[in-house]
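The values are calculated or read from the model by the stated rules, or taken from the named source; none is laboratory data. Just so it is clear, the model here is predicted, and its values are computed rather than measured. Neighbour counts run over all protein chains shown; Cβ positions are idealised from the backbone, glycine included. What goes into the accessible areas is simple: the full protein's heavy atoms, side chains included, and nothing from ligands, DNA or RNA. Shrake-Rupley method; radii C 1.70, N 1.55, O 1.52, S 1.80 Å.
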Amino acid sequence: MEIKNQTEIAEFILLGFGDLQNLQIPLFLLFLLIYILTMAGNLLIVVLIVSDQHLHTPMYFFLGNLSCLEVCYSSTILPRMLVSFLSSNKVIFFRVCIMQYFFFGGLAECYLLSVMSYDRYLAICKPLHYGILMNSKRCQHLAWGSWFNGFLASAMVTLLMSQLIFCGPNVINHFFCDSSPILKLSCSDTQLISMLIFLLSSAFTLPPFVLTVMSYICIISKILRIPSVTGRQKTFSTCSSHLIVVTIFYGTLMIVYILPESKELMNLNKVLSVFYTILTPLLNPLIYSLRNQEVKKQEIEQMS
């Protein structure tokens with residue numbers, strides 16, 4: 001009854017980096033450049049993979065899916081962030097905030113990265129059966145399953161969050177709508193929903209992480225048993241770019257969500273969040289382009 005008698009809030013103030021008033025224009029230009037490069041790099045990879053028959057392999061099929069995901073992922077966060085740099089109005093409606101979180105969670109890379117690591121495991125550890133185990137139909141099923149599971153997990157968490165009641169304060173000290181700062185602002189009892197969100201998040205993110213780790217344990221073990229140094233280097237080069245991407249993504253993600261939640265660490269949390277939400281989609285096409293000779297070759301031909 002006490003909650004019902006209070007005025008429910010339908011909008012939030014998304015602070016972003018508003019505390020850096022003197023740097024709003026430089027930050028806008030920086031993140032605008034990042035957004036343009038991210039879109040151009042990932043779209044170029046998609047075009048190259050679609051147009052070149054030599055890249056119609058499972059590894060590049062999944063890479064194309066990852067690039068599509070990064071385009072959508074960046075477009076979920078960066079446009080709203082860019083607008084906030086040029087406007088004093090930091091208001092975001094609750095429904096818009098929930099939708100942003102839904103796409104942010106649904107477009108997470110966990111499942112696709114685990115599928116890509118599984119593909120590399122089969123290519124290196126089961127080379128004689130690779131063509132059978134990773135045929136075109138299996139690739140499509142794995143890709144669609146990655147997209148579906150990501151949005152299924154996000155939909156369940158978002159549905160729980162949409163039932164919350166907010167009656168003040170309404171200030172989110174972040175540059176996008178994440179679950180933790182939203183739950184802090186609710187005047188509902190969030191103990192049960194926090195536990196459910198934790199269980200759902202763990203159930204949908206821990207398995208792909210474990211699969212990724214196990215795949216690379218088997219891959220590294222297989223590579224170490226190759227007698228020649230040249231053979232080890234050649235084999236490792238086929239998965240090194242993906243391993244770099246996985247390390248950056250999970251490394252920054254773990255640091256952000258393991259750090260204790262305090263006002264002193266809030267700014268550090270925001271900076272680290274920039275890495276896995278904004279810089280990772282930018283770095284992915286750069287890493288794959290520099291580490292994969294096929295993509296590098298096709299990019300040079302495309303430019304010439």
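Summing Lys and Arg as +1 and Asp and Glu as -1 over all other residues whose Cβ lies under 11 Å from the Cβ of residue 118 gives a net charge of +2.
Computed packing ranks the peptides 61-72, 11-22 as 61-72, 11-22, most packed first, by mean other Cβ atoms within 10 Å. The modelled label-to-label distance between residue 162 and residue 224, using points 7 Å beyond Cα along the C-beta direction, is 4.9 nm. As a length-normalised measure over Cα pairs under 8 Å and 6 or more apart, the relative contact order of the chain settles at 26 percent.
Per residue, the chain reaches -24000 deg cm²/dmol at 222 nm when only DSSP H runs of four or more residues are counted, each adding -39500 (n - 2.57). Counted over all Cα-Cα pairs of the stretch 20-158, pairs farther apart than 27 Å make up 35 percent. Helices assigned as whole DSSP H runs in the chain whose Cα atoms extend at least 30 Å along their own long axis and whose mean Kyte-Doolittle hydropathy is -0.5 or higher are found at 24-51, 58-86, 136-161, 191-224. Between residue 187 and residue 268, the simple label model (points 7 Å from Cα in the Cβ direction) yields a spacing of 3.4 nm.
Determine the distance separating the Cα centre of the stretch 218-251 from the Cα centre of the stretch 128-184; give it in Å without decimals. Distance between centres, Cα-based: 28 Å. Pairs of Lys residues in the chain are counted when their Cα atoms are under 23 angstrom apart and they lie 8 or more places apart or on different chains; the count is 12. For residue 232 and residue 133, a Förster radius of 30 Å and the Cβ-Cβ distance give a FRET efficiency of 0.80, rounded to the nearest 0.05. Translational D (Stokes-Einstein, µm²/s) of the stretch 106-263 at 4 °C and 1.567 mPa s when Rh comes from the Kirkwood sum over C-alpha pairs? Value of D from the Cα-based Kirkwood radius: 71 µm²/s.
Picking from 101, 250, 121, which is most flexible by a Gaussian network model of the chain using Cα springs under 10 Å? Among 101, 250, 121, the largest GNM mean-square fluctuation belongs to 250. The mean sequence distance of close C-alpha pairs (under 8 Å, at least 6 residues apart), as a share of the length of the stretch 69-176, puts its relative contact order at 39 percent.
How long is the gain from residue 203 to residue 170 if the chain were fully straight, where each residue apart is worth 0.36 nm and the alpha carbon distance is subtracted?
Separation in residues times 0.36 nm, less the Cα-Cα distance, equals 8.9 nm.
Computed from label points 7 Å out along Cα-Cβ, the spacing between residue 56 and residue 21 is 5.9 nm. When 174, 54, 141 are compared by accessible area at a 1.4 angstrom probe, the order from most to least is 54, 141, 174.
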